[in-house]
Amino acid sequence: MNKSRILSAYHPKATAWLWLLGMILISILGIQALTRDWLETGFLALLPVTEQKPEVAKAVQQHNELITRKVIWLTGASTSQAAIAHAQQLKQNTLQSGLFKSVVLELPQQQYIKSYQQLFPYRYQLLDAQTRGILSKNPKDLISQNLEILYSPIGQMQAANLERDPLLLFSRYFDAQNPIKLNLEQGIVVLHDQQQNWALLITELNDSNLQLDKLETLLDLVNSSQAQVQAAGGELMVTGMPLFTAHGSETAKQEISTVGVGSSVGILLVMLLTFRSPRPLLLSFLAIGSGMFAALVVSILFFGKIHIITLVFGASLIGVADDYALHFCCDSFGSKDWNPRRGLKFILPGLAIGLLTNLLSYAGLGFSPFPGLQEVALFSAIGLLVAWLTVVLLFPLLLTGFKPEHEPRLLKLSTYWQQHWPDWMLKNKRWLILVLLVFIIGGIWQLTPQDDVRLLQSASPELMKTADKIRELFPVSQDNQFFLVSGKDQNDWHQNEQRLLNSLKPLQQQQVLKAYQGLSSYWPDERSQQENYRLLKQTMYDSGLLKQYMADLGFSEDAVKAELKQFKDSENKSISLPEWLATADEAKQSLWLGCDSVRCQSIVSLTGINDFSALSALQSLQGVSLVDPVGDLSALFERYRLRASALLIAVYGLVLLGLGLKFGWRNALIITSVPVVAVLVSLATLGWFDQLFSLFNLFALLLVLGIGIDDAIFFFIAADKRDSTSLAVTISALTTLLAFGLLAVSSTEIVHAFGFTVAVGILTALVLSPLVGRGLGKQH
């Protein structure tokens, strides 16, 4: 069935009703989709997990759980008392906000007491590494150290435990569970630098996946608290992953507003100046609005949630979706006897081919492993399809009777441009081609790929500076990298982790890292517990050293006998890992990943890494692997950038094949050369201006293909309507530049690079497309 037969069966009223029924159905589905929690704001939701091993994905998730919920607050003042007063007021503010499931200012003494009481019966089996070392080398040194402690200023604090724990074994073990010593005043951690005293407040959010309104509440709380503390003469510093997420979401909202409003205002002015009628403008917004609404609903139904970054890119869809409406309306300037049905008959082939190439371009995004790009692909494809259907099904009815009676100035400019610009380029083609080749080769030569996954997230310098300062004052926050330790059973795991911890100790002394934490530092397995007991028995209890020590301290003979009896009664005691974990804090509990039928696994967390390569060498240990989520994802970025390059070439090849079958191979090459040169110029410009080049730029180049093909095809089929075609292409380029060009103002580097790449590509396609069908290509 050819185009004429299709259009002879075309009934504007029937197709308008079809469009209306479709939008009613989408609206009904939209009511269900938009009434639930559908907006995703977390950074990790953008990243793929499909290529990670399940055990590694589980470890990364568990390792990040505490990080993604914690917010650290430091109130500063010239005196510790003033800092504490600010922190106490801040505590009330955080409690009243309702955002947090826990707010910790005073350290929970009851928790320590309960843990102390539950672990104390196993004091002969639970020895810290330092105590074991002393007993193994020279047991008398333990006696000497105890005497120094008892006769020191803190001796009175230990004297209360002396009767129940004469050797202070459990006090040593309990203190070793918190290796970083913090200064406490009134039960509150107070940190010091050269100028200020800082009181520490730690909060934990109710939910790591905060909704947008909760993120706004968090930012409002931080801003109001800072104002309050500063008004009282203090200072407030805040950091934490939720705060980075909140700032990122706020930035994204502003960028959505900038891109969306900027594009809309630009389109408004261009359309009114061109058509001097509100009808094309309203119809354009109808096409855009229908496409955006349908894209939002379908994306939510398909993915369950969509990320706020998807909406940033979706806002740029305005400039592309508007192309179809513009070509339809601009065709009205092409002939005196124009009507909507005749206009549709002329532009339908170009619209159809343009839609297919655009859909093919966006489909390329769908092959990415990144959920964020998959969302952008579906959102954009649905948006363009529905906008196209709105133009084709609805415009012939709503544009009935529309015929501009004026000749817009932009038409005169675009007509002059398309009539004279190709002649000038063809006349000077030799030196222009030479300059173009030098520009392309020189720019691509300077192009340097950057695959750092952290470029996905924007953070203000002030936020990063605050985070770094807090990390210096309070060096207990874990790094993103960690060791994953495995064993075929619990005993095998324990041995493997002990070997790792023994290897990390000298690295810590060499300043390779500041601290590390593993479960086997605190919980010895059953074999180790029995070894600890036998070591005590041999060195202190059977040797008579304990009796002499207790006698020197003035203990009665009955007290000595009671201690010996307690020791003997504890001979067969041991505490299992589940029992020990029940007494541990949340940070230590998160280190254990559990056992299954194949293995037991744990995390060894790292803090203050200075030399990552030195840690990588420890992966040769049995059952040990170093997990670097950022590095692994950056490597994934690099791998898929290479795959996307091949995908880009394949997509261009498919487009060339389709155009060759439709228009002939010579004409297909001419048409395709427009987006190809546009892509090369975009890449070269990135190199010359030292812009970011990553996976996302390649997906931007897929969009350049769709837009460049649109421009070239419409000029190819323009025949005697080149003037109106040049107007449509010019207006389309202006509106699309507003949309994608405004992405270049984003503070997120990847979004900025995406917009910059597409903007350069569109400009290049606009410059080259008039050559098609004029000096190059023959109508087919």
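For (1) touching a Lys or Arg at 6+ places or on another chain (Cβ under 9 Å); (2) touching a residue at least 12 places away in the same chain (Cβ under 8 Å); (3) under 30 Å from Tyr640 (Cβ atoms), each residue gets a yes or a no:
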{"position": "Trp417", "(1), (2), (3)": "no, yes, no"}
{"position": "Asp423", "(1), (2), (3)": "yes, yes, no"}
{"position": "Lys427", "(1), (2), (3)": "no, no, no"}
{"position": "Val435", "(1), (2), (3)": "no, no, no"}
{"position": "Phe439", "(1), (2), (3)": "no, yes, yes"}
{"position": "Pro449", "(1), (2), (3)": "yes, yes, yes"}
{"position": "Pro461", "(1), (2), (3)": "no, no, yes"}
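Going by what's in this entry, would Val604 be described as within 39 Å of the chain's Cα centre (by Cα), part of a strand (DSSP E or B) and of a type outside the set (Lys, Arg)? Here the answer is yes, as Val604 does meet what is asked. Only residues that are in contact with a Leu (Cβ under 9 Å, 6 or more places away or on another chain), hydrophobic (A, V, I, L, M, F, W, C) and within 18 Å of Gln61 (Cα to Cα) were counted across the stretch 576-617, and they come to 8.
Residues in the stretch 542-574 that are farther than 12 Å from Pro166 by Cα and of a type in the set (Gly, Ala, Ser): Ser543, Gly544, Ser556, Ser570, Ser574.
Residue check: is Glu375 assigned by TED's automatic domain parsing to the domain that holds Gly289 and open to solvent by 40 Å² or more (accessible area, probe 1.4 Å)?
no
Among the conditions (1) more than 30 Å from the chain's Cα centre (by Cα); (2) over 23 Å from Val767 (Cβ atoms), Val676 misses just one, which is (2).
Among the residues making up the stretch 635-669, a single one is open to solvent by 20 Å² or more (accessible area, probe 1.4 Å) and polar (S, T, N, Q): Ser645. The single residue among Val627, Val677 that is in contact (Cβ under 8 Å) with a residue 24 or more places away in the chain and open to solvent by less than 30 Å² (accessible area, probe 1.4 Å) turns out to be Val627.
One residue stands out among those in the stretch 271-292 that are free of Cβ contacts under 8 Å to residues at least 24 places away in the same chain and either of a type outside the set (A, V, I, L, M, F, W, C) or open to solvent by 60 Å² or more (accessible area, probe 1.4 Å) (or both): the one that is farthest from Phe333 (Cα to Cα), which is Gly289. Among residues that are more than 25 Å from the chain's Cα centre (by Cα) and open to solvent by 10 Å² or more (accessible area, probe 1.4 Å), Val745 is not included.
Of the residues contained in the stretch 226-243, one or more are found to be at pLDDT 90 or above and among the charged types (D, E, K, R). Summed over the stretch 532-569, residues that are under 30 Å from His494 (Cβ atoms), assigned to a helix (DSSP H, G or I) and touching a Pro at 6+ places or on another chain (Cβ under 8 Å) total 6. Given the criteria under 29 Å from the mean Cα position of the chain (by Cα), under 30 Å from Pro108 (Cβ atoms) and not basic (Lys, Arg), does Gln589 qualify? For Gln589, the condition - under 29 Å from the mean Cα position of the chain (by Cα), under 30 Å from Pro108 (Cβ atoms) and not basic (Lys, Arg) - is met. In a residue-by-residue description of the stretch 608-616, the property of being modelled with pLDDT of 90 or more, in contact with a Pro (Cβ under 9 Å, 6 or more places away or on another chain), assigned to a loop (DSSP other than H, G, I, E, B) and surrounded by 12 or more Cβ atoms within 10 Å (Cβ to Cβ) applies to no position. In the set (1) without any contact (Cβ under 8 Å) to a residue 60 or more places away in the chain; (2) in contact with a strand residue (DSSP E or B) (Cβ under 8 Å, 6 or more places away or on another chain), Ala617 fails one condition alone, (2).
The rows are residues; the columns are (1) of a type in the set (A, V, I, L, M, F, W, C); (2) assigned to a helix (DSSP H, G or I); (3) in contact with a strand residue (DSSP E or B) (Cβ under 7 Å, 6 or more places away or on another chain); (4) open to solvent by 10 Å² or more (accessible area, probe 1.4 Å).
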| residue | (1), (2), (3), (4) |
| --- | --- |
| Ile671 | yes, yes, yes, no |
| Leu702 | yes, yes, no, no |
| Gly706 | no, yes, no, no |
| Asp723 | no, yes, no, yes |
| Ala728 | yes, yes, no, no |
| Ile731 | yes, yes, no, no |
| Leu734 | yes, yes, no, yes |
| His752 | no, yes, no, yes |
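Of all residues in the stretch 501-529, those satisfying the criterion of being over 17 Å from Arg599 (Cα atoms), open to solvent by less than 20 Å² (accessible area, probe 1.4 Å) and in contact with a strand residue (DSSP E or B) (Cβ under 8 Å, 6 or more places away or on another chain) are Leu501, Leu504, Leu513, Gly518. For the stretch 221-259, filtering for residues that are surrounded by 21 or more Cβ atoms within 10 Å (Cβ to Cβ) and within 20 Å of Ala744 (Cβ to Cβ) leaves 4.
The helices (runs of 4 or more DSSP H) found entirely in the stretch 392-490 that carry 3 or more residues being at pLDDT 80 or above and within 30 Å of Gln254 (Cα to Cα) are 461-473. Listed by first and then second residue, the pairs linking a residue in the stretch 131-153 that is under 17 Å from Leu546 (Cβ atoms) to a residue that is aromatic (Phe, Trp, Tyr) and in a helix (DSSP H, G or I), with Cβ atoms under 6 Å apart and 6 or more places separating them unless they lie on different chains, are Ile143/Tyr549.
The values are calculated or read from the model by the stated rules, or taken from the named source; none is laboratory data. These numbers come from a predicted model, not from an experiment. All Cβ positions, even for glycine, are placed from backbone atoms using ideal geometry, and neighbour counts span all protein chains on display. Accessible surface areas use protein heavy atoms only, side chains included; no ligands, DNA or RNA. Shrake-Rupley method; radii C 1.70, N 1.55, O 1.52, S 1.80 Å.
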